Amino acid sequence: MLLRRRVAFFAGVVAAGSLFSIAACGGNDEAAPAEGVKAAGNLDFVVWSYSIETIQDNIKRFEKSNPAITIKLADHSWFDYHDIMATKFTSGNAPDVAYSSDHWLREWVAAGWLEPIDKRCPGLANYKDEWAPYAAEGMTLDNKLYGVPYYADLVIFIYNDKMVKQAGFSGPPQTLAELQQQALAMKKKGIAQYPINIPMKKDDPWAIEFVYSMVYGDGGSMFNKENAPVFNEPGSQAEKVLQWLADARNKLKISDPAALEMAEPDVVKAMGAGRHAFTILAKYNLAELNLGQHKQKGNFKMALMPGSTHSTVGFVRFYSLGKGAVDQGDAAVKASCKFMNYFGGKTGGQYKVMKRWALEKGLGFANLPLYDDPQVQQAINKWGDVALERKQAELARVKEGLTPWWGAWDIYAREQIHAAILGRSTPKQALQKMADRWEQLREQHGG
Amino acid sequence: MAVATAPRPAKRFRRSRLYTWGTILPVLALVALFTLFPFVYAAVNSTRQRILTIPYHQPFVGLKNYEQVISSDTFDVAVRNTLVFALLTVPTVTALGLGVALLLNQRVRGFGVLVALVLLPWSIPLVSAGIMWRLLLHGNFGSLNGLLLQLGIIDSYVPWLSDPDLAMGAVAMAHVWREFPLPTILFLAGLQTITPEILEAARLDRATAWQRFRYVTLPLLKAPLLIVLVYETMIAVSVFDLVYVLTGGGPGTSTTLFSWYAYTATFKFLNLGQGAALSFLMTAALVIAIVVYMRVIRLREEVV
């Protein structure tokens with residue numbers, strides 16, 4: 001009997017402890033951070049893990065010219081960033097300045113985690129006129145500005161020019177039908193087993209942006225101006241795109257089945273090794289593909305998004321002012337504004353940090369005057385094509401349907417997109433489920 | 001004149017009780033802090049609408065969160081997947097642990113080295129193990145595919161983690177690899193308490209090897225067997241890390257287990273109320289499973 005009791009007690013304690021820790025992790029969103037824990041000039045800066053050494057160097061330069069302010073940097077994987085930030089904000093550990101994205105702006109503002117900067121840092125809002133419209137729109141909500149650009153870029157179509165020519169084509173595909181045709185030719189000639197790899201890893205926030213881009217490229221929309229879904233309308237572009245992706249994977253076998261477990265870095269490596277000829281990625285990857293240590297280095301080009309209109313998604317990732325700074329008071333806000341100005345604004349009349357990202361990493365920028373900078377032009381032309389990039393930028397659109405519940409919908413949508421690509425449900429069924437979930441969330445939020 | 005040299009029994013009893021409570025209370029306080037508080041907090045959350053994107057409206061909703069999660073499509077999928085996962089892993093981990101323990105109990109040479117090798121998977125942090133398995137099983141550059149291709153067993157890479165028919169098996173395989181060392185050690189400890197005379201007596205009675213195992217060894221391993229079954233069931237039902245690293249619940253929902261569903265509700269949908277409701281449902285399922293085990297394996301007083 002005693003052993004049974006002990007086992008039961010042990011089981012109960014372990015089960016309760018492990019399970020409820022998940023439920024309790026949410027913390028209290030009304031909890032105030034401990035006061036006086038840090039000085040107003042000590043800022044917490046949270047980023048996702050990309051080129052940390054460059055960020056650290058930028059911080060060092062900032063601290064040198066602003067000795068009264070010190071920055072504590074924390075970085076987290078892009079894949080976990082949303083979840084980790086949710087934990088930080090709700091557990092009273094809100095950062096002062098953090099990377100954010102147009103993906104999450106409405107969600108984070110609704111949760112009370114971000115502060116508008118036009119009131120708190122009026123100087124930063126003055127740059128607005130120099131930003132690409134899609135970038136400014138991506139950081140604005142209810143006429144309030146919530147950030148300054150870290151980078152703004154486009155989702156683009158990338159192809160391996162050498163492989164395309166080897167397959168007997170003079171140029172890149174202009175439509176999805178042509179893409180299919182070129183891929184089939186490559187497969188037939190043994191150039192690549194799976195010529196297409198569009199990364200669709202379920203837990204990668206990029207996945208939905210690639211689907212949006214393909215829909216936009218063919219003249220479609222996901223939502224109307226009232227934020228009501230149109231992707232589920234009969235014969236919609238979204239339905240055609242999902243059917244195209246499913247056929248490419250299951251019927252024609254021209255798309256890598258492993259694309260569903262692949263994210264951006266995986267595809268860059270696979271493309272670089274010559275395993276695939278076509279992909280859709282954020283533009284800065286073209287710099288890595290053409291300048292990095294890859295077997296196929298130098299063979300990659302961008303083309304306008306295949307489809308009838310060649311439109312695509314333009315997106316912005318930005319420096320946002322977190323609840324942490326505001327809770328600490330004016331001095332911390334002032335220091336944060338100064339910091340954000342150094343990173344996303346002008347120093348000595350120049351967008352220094354942004355220019356550095358463009359020159360060294362090929363990151364896109366929202367600040368249009370940088371396009372006229374000869375140094376930037378020269379750097380981009382080494383791995384890309386400034387003229388084509390400009391043309392694609394002109395055709396770019398922001399993501400539609402960005403609402404406080406878009407983030408939650410996106411998670412569900414990615415599941416359904418997988419189901420459609422795998423052939424587990426028809427595109428029509430998957431899109432209808434996505435629309436139903438949208439309405440459910442809208443109702444929940446009183447939208 | 002009588003001199004009192006020892007405290008009276010009543011006083012001694014009070015002191016003894018004081019000592020008992022004095023030593024237990026700090027531990028109880030810790031248990032309360034780390035188990036009871038989250039439990040009560042989650043209970044409260046599960047009966048409120050707690051959605052982080054609607055922070056200023058958190059009404060009491062009774063059992064609505066439970067009703068909503070139970071009626072969702074994902075709930076059925078998560079329950080089915082969790083049952084499949086538990087059925088795949090618990091018997092395999094238990095049988096493998098027992099088998100390896102029986103082999104190690106043969107007093108082979110290099111016993112210490114073998115035990116260390118067996119323990120190795122258990123010593124690797126789960127997330128590291130997950131990353132390692134991801135690199136092994138990746139459908140585009142996984143080394144398992146490379147090996148199988150070179151050996152001529154497959155003619156093209158197999159998407160182990162992105163084929164819905166294979167992904168669950170792949171996650172289960174990684175889980176079994178990570179989990180079997182603990183049962184091995186528990187069974188080995190149990191086996192070493194069995195005196196050789198008992199087995200020798202059975203041998204003299206002309207019992208076959210199987211009969212000795214079935215009627216002598218196995219009954220004497222009931223205690224570790226129960227612990228292994230209870231523990232491994234709890235782990236299988238609440239496994240999270242491997243799914244997180246390997247598949248993210250995908251492709252589609254093919255590896256969405258109950259714990260992943262609870263995590264998604266809490267941290268991705270930011271719906272703390274539903275996340276808490278799911279945690280309670282998961283606990284209820286575990287308690288039922290444990291009670292069933294207790295009933296099936298009736299332990300007698302003498303095995304204590």
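Across the residues of A:250-261, average count of Cβ atoms on other protein chains within 10 Å?
Per residue, the number of nearby Cβ atoms from other chains is 5 on average.
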_segment A:428-445-segment A:275-324 distance, computed between alpha-carbon centres (Å)_ = 30 Å
*May I have the count of lysine pairs in segment A:371-447 with C-alpha atoms under 25 Å apart, counting pairs 8 or more residues apart or located on different chains?*
4
_Once exposed loop GluC sites (Glu not before Pro) are cut out (DSSP; at most 16 other Cβ, 10 Å), longest piece of chain A_ = A:227-447
*Any idea how far the Cα center of segment B:130-195 sits from the one of segment A:344-385, in Å?*
47 Å
*With no solvent and one equal point scatterer placed on each C-alpha of chain A, evaluate the Debye formula and give log10 I(q)/I(0) for q = 0.06 Å⁻¹, two decimals.*
-0.28
*Any chance you could check the Cα centroid distance between segment A:401-427 and segment A:109-133 for me, in angstrom?*
30 Å
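Relative contact order of chain A: what whole-number percent is it, with Cα pairs under 8 angstrom and at least 6 residues apart?
Details: 786 pairs, mean separation 106.5, N = 447.
It comes to 24 percent, rounded to a whole number.
Can you list which of the DSSP-assigned H helices in chain B have a Cα extent of 20 Å or more along the long axis and an average Kyte-Doolittle score of at least -1.0? Intermediate values should be presented prior to the final figure.
On the way: long enough: B:9-31 (32 Å, 0.20); B:73-104 (46 Å, 1.48); B:164-179 (23 Å, 0.35); B:222-238 (24 Å, 1.57); B:272-296 (36 Å, 1.80).
Those that clear 20 Å and a mean of -1.0 are B:9-31, B:73-104, B:164-179, B:222-238, B:272-296.
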_Is the C-alpha gyration tensor of segment B:155-278 telling us rounded, prolate or oblate? Criteria: a/c under 1.5 is rounded; beyond that, a/b larger than b/c is prolate, otherwise oblate._
prolate
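Pairs of alpha-carbon atoms within less than 8 angstrom and 6+ residues apart define the contacts here; what relative contact order does segment A:123-238 have, in percent? Walk me through the numbers before you get to the answer.
Working: 76 pairs, mean separation 14.3, N = 116.
Dividing the mean separation by the residue count of segment A:123-238 yields 12 percent.
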*asked:* Suppose the Debye formula is applied to equal point scatterers at every Cα of segment B:123-170; what is log10 I(q)/I(0) at q = 0.15, 0.16, 0.27, 0.29 Å⁻¹?
replied: -0.40, -0.45, -0.97, -1.04
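Arrange B:100, B:171 by Cβ neighbour counts within 10 Å, fewest through most, would you? All intermediate terms of the calculation are to be shown ahead of the outcome.
Working: B:100 20, B:171 28.
Placing the least packed residue first, the sequence is B:100, B:171.
Past 30 Å, Cα to Cα: identify those pairs from A:165/A:251; A:201/A:253; A:201/A:334, in the order given. All intermediate terms of the calculation are to be shown ahead of the outcome.
On the way: A:165/A:251 25 Å; A:201/A:253 18 Å; A:201/A:334 40 Å.
In this structure, A:201/A:334 lie more than 30 Å apart at Cα.
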*How long is segment B:1-106 along each principal axis, judged by its Cα atoms, biggest number first, in Å?*
85, 62, 19
*What ratio of Cα Rg to 2.2 N^0.38 Å holds for segment A:315-447?*
1.47
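So what's the protein assembly as shown giving for Cα Rg divided by 2.2 N^0.38 Å, two decimals?
For the protein assembly as shown, the normalised Cα radius of gyration comes out at 1.09.
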*List the aspartates and glutamates whose alpha-carbon lies under 18 Å from that of residue A:64, not counting same-chain residues fewer than 8 positions away?*
A:44, A:53
*For chain B, what does the alpha-carbon gyration tensor say about shape, rounded, prolate or oblate, given a ≥ b ≥ c as the root eigenvalues, a/c under 1.5 as rounded, and a/b over b/c as prolate?*
oblate
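Using a 10 Å cut-off around each Cβ, can you sort B:215, A:371 from fewest to most neighbouring Cβ atoms? Let's see the in-between values first.
Working: B:215 11, A:371 16.
With the sparsest Cβ surroundings first, the list reads B:215, A:371.
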*State, as an integer percentage, the relative contact order of segment B:65-205 based on alpha-carbon contacts under 8 Å between residues 6 or more apart.*
34 percent
*asked:* I need two numbers for segment B:218-304: Rg to one decimal and Dmax as a whole number, Cα atoms only, in Å.
replied: 16.5, 51
*asked:* Limiting things to C-alpha atoms, what are the Rg and the maximum Cα-Cα separation (Dmax) for segment A:402-447, in angstroms?
replied: 11.0, 34
*Where only alpha carbons of segment B:122-205 are counted, the Rg and the Dmax (Å)*: 19.8, 58
*For B:128, A:51, what's the fewest-to-most ordering of other Cβ within 10 Å of each Cβ?*
B:128, A:51
_Calculate the FRET efficiency for residue A:295 and residue B:24 from the Cβ-Cβ distance with a Förster distance of 60 Å, rounded to the nearest 0.05._
0.35
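The numbers here are math on the coordinates, done by the rules we state, and not lab data. Since we're looking at a predicted model, the values are computed, not measured. Cβ coordinates were reconstructed from backbone atoms using ideal geometry, including for glycine residues, and neighbour counts include every protein chain displayed.
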